[in-house]
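Here is the structure we will look at.
The values are calculated or read from the model by the stated rules, or taken from the named source; none is laboratory data. Note that the structure is predicted; figures quoted are calculated from it, not measured. Cβ sites come from the backbone with ideal geometry, for glycine too, and all protein chains shown count toward neighbours. Accessible surface areas use protein heavy atoms only, side chains included; no ligands, DNA or RNA. Shrake-Rupley method; radii C 1.70, N 1.55, O 1.52, S 1.80 Å.
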Amino acid sequence: MKRTKIIDVLRSTEYGKEVCVKGWVRTHRSSKAVDFIALNDGSTIKNVQIVVDPALCPVNGSSSAVPALSLKDITTGACICATGTLVESQGAGQSSEIQAKAIEIYGLCGNDYPMQKKGQSFEAMRKNAHMRLRTNTFGAVMRIRHNMAMAIHTYFHEHGFFYFHTPLITASDCEGAGNMFQVTTKNLYDLKKDEQGKIIYDDDFFGEQTSLTVSGQLEGELGATALGAIYTFGPTFRAENSNTPRHLAEFWMVEPEVAFIDQEELMDLEEDFIKYCVRWALDNCKDDLAFLNQMIDKTLLARLEGVLKESFVRLPYTEGIRILQEAIKGGHKFEFPCNWGDDLASEHERYLVEEHFKKPVIMTDYPSAIKSFYMKQNRPVDGGTSSVGYKGSIAPGPTMQGTDVLFPQIGEIIGGSVREESYDKLMAEVDKRQMDKTHLWWYLDTRRWGSCPHAGFGLGFERLILFVTGMQNIRDVIPFPRTPKNADF
């Protein structure tokens, strides 16, 4: 008989119909006259109940090589096929159940199965990442992850963006931080070096030093200056030795780039895009979100609904620093300093979002010194070094047109800016920072030939999943996390 997915069985009201379901056993309860098996196949957070009369329902192995089996062999984690009649459930919590006529065991599961139905810490489950996906929590997270990917593609497609594929192997460092994984075919035990002791890459595959990308933004800008509006959505890599709950060495980024928009329009895009994703989750992931709201974070649904109800605050960095310093004067304690010119820590961002404004914030007009070379600077004030940003805020030093979105529980979820379109100004910033132009020539060419105003942002996909699911550690929203000293699975 053809298999029916459990999500479709639970939606069906064709009582009396013969159905066949296949999946993994969540629980198995026995009594004198009847057994109850909760079965899940990953299509939904909900299980279907299989009601088994041991006297009427034969149990067989999936091959002749398997010895005689019985209901007692069906334990948590076992994989089975159950055929029977769909009936209206008499118990609470489900509308339908299956009166089993035959059960076939595909795979047994012993008592050493690591995902037994008992309380386990997320840290313990990370050690069994190959099995944790079968649990209710991780099944819910992965279904939501899929839906967020669908929301992203749908949003950009509906808004006229083109999906643009940027290289994973690159010779340039977009962020300029140098935390990159090298890609090489060289024999690491016999490296050719010059007189200064530097490695010679002439005999390497690409003939020069290459690394895994930290961002597709620079190449994305090339796409935007030809196609008008593009977005990337793919893996990126950072060799940053960080073990915080917010960092991964391999993660996914969404990076739209758009020609002919300014800072105000960029902020409109950021807010509209992220609200679309949250709305999609609420509309398409109801069961999984209800489960996570009950089991992980009881404020999750209210927080997601709150994002849709409120307009995001648009806050100049200079004003944000003033608010934070006022909080310190009022007795609030931060671990890290927050003077003008400091790169704000997550604790500062979350204070602004969760305690001061109690809604998402788009922070603008950061000091140029703490941001990337490609960001457009605000105009100077009265010929001096200070600059004026959004809504006329006066800063003590030069600022750039950044637009970072800060969210509750997360801190920064989007980092964006208007890009500098002037060749002379961009070159001046590159020289000021003493950057190597060798691998930037093609990027600088876009400012020489037909330059145009443009802007874009980067969304950390896993940070979006953290917010939408209520999970607390970024390692728990990606199937197989890559972190320092951890590349298992």
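For the range 238-278, compute Rg over Rh where Rg is the Cα radius of gyration and Rh is the Kirkwood radius from the inverse mean 1/r over Cα pairs. If you can, show how the numbers build up before the last one.
Working: Rg = 14.6 Å, Rh = 12.9 Å.
A ratio of 1.13.
From the phi angles alone, apply the Karplus equation (6.51, -1.76, 1.60; θ = phi - 60°) to the range 241-249 and give each ³J(HN,Hα) in whole Hz, x where the residue is Gly or Pro.
Running phi through 6.51 cos²θ - 1.76 cosθ + 1.60 with θ = phi - 60° gives 7, 10, 10, 7, x, 10, 10, 10, 7 Hz.
Hey, rough spin-label estimate for Met427 and Phe205, points 7 angstrom out along Cα→Cβ, what's it come to in nanometres?
Between Met427 and Phe205, the label points sit 3.6 nm apart.
Compute the FRET efficiency between Phe36 and Lys309 as 1/(1 + (r/R0)^6), taking r as their Cβ-Cβ distance and R0 = 51 Å, and round to the nearest 0.05. Can you show the working numbers first?
Details: r = 42 Å, r/R0 = 0.83.
Taking R0 as 51 Å, the efficiency between Phe36 and Lys309 is 0.75.
Would you please classify the overall shape of the range 116-179 from the alpha carbon gyration tensor, given that a ≥ b ≥ c denote the square roots of the eigenvalues, rounded means a/c under 1.5, and beyond that prolate means a/b larger than b/c while oblate covers the rest? Walk me through the intermediate numbers first.
On the way: a/c = 3.83, a/b = 1.53, b/c = 2.50.
Because a/c hits 1.5 or more and a/b fails to exceed b/c, the range 116-179 counts as oblate.
Per 0.36 nm of contour for each residue apart, how much would the distance between Asp488 and Ser451 grow if the chain were fully extended, relative to their Cα-Cα spacing?
Length gained between Asp488 and Ser451: 8.8 nm.
Given the -39500 (n - 2.57) contribution per DSSP H run of 4+ residues, what per-residue ellipticity at 222 nm results for the chain, rounded to the nearest 500 deg cm²/dmol?
Numbers: 13 runs with 136 residues, N = 489.
Helix-only estimate at 222 nm: -8500 deg cm²/dmol.
Let's test the formula: R0 of 45 Å, r as the Cβ-Cβ distance of Tyr189 and Phe480. What FRET efficiency results, to the nearest 0.05? Don't skip to the end; give the middle numbers.
Details: r = 29 Å, r/R0 = 0.65.
Plugging the Cβ-Cβ distance into 1/(1 + (r/R0)^6) gives 0.95.
Could you tell me whether the range 189-262 comes out rounded, prolate or oblate from its Cα gyration tensor? Rule is a ≥ b ≥ c as square roots of the eigenvalues, rounded for a/c under 1.5, then prolate if a/b exceeds b/c, otherwise oblate. Mind dumping the intermediate values first?
Numbers: a/c = 3.35, a/b = 1.59, b/c = 2.10.
The shape class here is oblate.
To test your reading of the geometry: what angle, between 0 and 90 degrees and rounded to tens, separates the Cα axis of helix 317-329 from the longest principal axis of the chain?
Between helix and principal axis, roughly 70 degrees.
For helix 136-158, what angle does its Cα long axis make with the longest principal axis of the chain, in degrees from 0 to 90 and rounded to 10?
50
Quick one: ranking Leu108, Leu444, Leu56 by accessible area, 1.4 Å probe, largest first, what do you get?
Values: Leu108 105, Leu444 10, Leu56 130 Å².
From most accessible down to least: Leu56, Leu108, Leu444.
Using unit Cβ charges (K, R positive; D, E negative) and no other charged atoms, how large, in debye to the nearest 20, is the dipole of the range 393-489 about its Cα centre? Intermediate results must be reported in sequence, preceding the final value.
Working: 11 positive and 12 negative charges, 25 e Å.
Dipole about the Cα centre, nearest 20: 120 debye.
How much length, in nm to one decimal, is gained on full extension between Tyr15 and Gln99, taken as 0.36 nm per residue of separation minus their Cα-Cα distance? The partial results should precede the final answer.
Working: separation 84, 0.36 × 84 = 30.24 nm, distance 1.08 nm.
Working it through step by step, the gained length comes to 29.2 nm.
For Lys118, Lys485, Lys72, write out the residues from largest to smallest accessible area, computed with a 1.4 angstrom probe and no ligands counted.
Numbers: Lys118 135, Lys485 205, Lys72 180 Å².
The ordering from most to least exposed comes out as Lys485, Lys72, Lys118.
Between Ala249 and residues 5 or more places away or on another chain, which pairs have amide H atoms under 5 Å apart, with H built 1.01 Å from N, and which residues are they?
Arg482, Thr483
Just subtract the alpha-carbon distance of Glu88 and Lys117 from 0.36 nm times their residue separation and send over the number in nm, one decimal.
Values: separation 29, 0.36 × 29 = 10.44 nm, distance 2.66 nm.
Contour length minus Cα-Cα distance gives 7.8 nm.
Using label points projected 7 Å from each Cα along Cα→Cβ, tell me how many nm separate Asn473 and Lys329, to one decimal.
4.1
Rounded to the nearest 0.05, what FRET efficiency do Asp53 and Tyr106 give with R0 = 30 Å and r taken as the Cβ-Cβ distance? Could you check? Before the final figure, lay out each step's value.
Details: r = 22 Å, r/R0 = 0.72.
Once the sixth-power term is evaluated, E becomes 0.90.
Placing unit charges on C-beta atoms (Lys and Arg positive, Asp and Glu negative, everything else neutral), compute the dipole magnitude of the chain about its Cα centre in debye, rounded to 20. Before the final figure, lay out each step's value.
Working: 54 positive and 64 negative charges, 396 e Å.
So the magnitude is around 1900 debye.
So, by mean Cβ neighbours within 10 angstrom, what's the order for 122-134, 325-337, 364-376 with the highest one leading? Before the final figure, lay out each step's value.
Values: 122-134: 15.6, 325-337: 10.7, 364-376: 21.5.
The most tightly packed comes first, giving 364-376, 122-134, 325-337.
Over the range 212-349, what is the relative contact order in whole percent, taking alpha-carbon pairs under 8 Å and six or more residues apart? Don't skip to the end; give the middle numbers.
Details: 106 pairs, mean separation 20.8, N = 138.
15 percent.
Can you match Cα Rg over 2.2 N^0.38 Å to one of these, [x] 1.18; [y] 1.04; [z] 1.13, based on a calculation from the structure here?
Evaluating Cα Rg over 2.2 N^0.38 Å on these atoms matches [x].
According to the square roots a ≥ b ≥ c of the eigenvalues of the Cα gyration tensor, what is the shape class of the range 128-280, taking rounded for a/c under 1.5, prolate for a/b larger than b/c otherwise, and oblate for the remainder? Intermediate values should be presented prior to the final figure.
Values: a/c = 2.62, a/b = 1.41, b/c = 1.86.
It comes out oblate by the Cα gyration axes.
Starting from the residue with the highest accessible area, list Thr232, Thr4 in decreasing order, probe 1.4 Å. The partial results should precede the final answer.
On the way: Thr232 5, Thr4 45 Å².
Ranked from most to least accessible, the order is Thr4, Thr232.
Relative to the longest principal axis of the C-alpha atoms of the chain, give the angle of the C-alpha long axis of helix 423-432, reported between 0 and 90° and rounded to the nearest 10°.
That helix lies at roughly 90 degrees to the long axis.
Indicate, rounded to the nearest 5 percent, the antiparallel portion of the DSSP beta bridges found entirely in the chain.
Details: 68 of 80 bridges.
In the chain, DSSP labels about 85 percent of beta bridges as antiparallel.
Mind listing which GluC sites (Glu not before Pro) in the range 187-255 are in a DSSP loop and have 10 or fewer other Cβ atoms within 10 Å? Could you put the intermediate results ahead of the total?
On the way: sites: Glu195, Glu208, Glu219, Glu221, Glu240, Glu250; in loops: Glu195, Glu208, Glu240.
Filter output for the range 187-255: Glu195.
So what is the accessible area of the range 289-402 per residue, in Å², with the probe set to 1.4 Å?
On the way: 5510 Å² over 114 residues.
Per-residue value: 48 Å².
Report the label-to-label distance for Asp268 and Glu347 in nanometres (one decimal), using points 7 Å from each Cα along the Cα→Cβ vector.
Rounded to a tenth, the inter-label distance reads 3.9 nm.
So which of Lys5/Lys118; Lys32/Lys101; Lys286/Lys309; Lys198/Lys437; Lys127/Lys198; Lys46/Lys101 end up more than 28 Å apart by C-alpha?
Values: Lys5/Lys118 26 Å; Lys32/Lys101 18 Å; Lys286/Lys309 18 Å; Lys198/Lys437 19 Å; Lys127/Lys198 39 Å; Lys46/Lys101 22 Å.
The pairs that break the limit, which is 28 Å between Cα atoms, are Lys127/Lys198.
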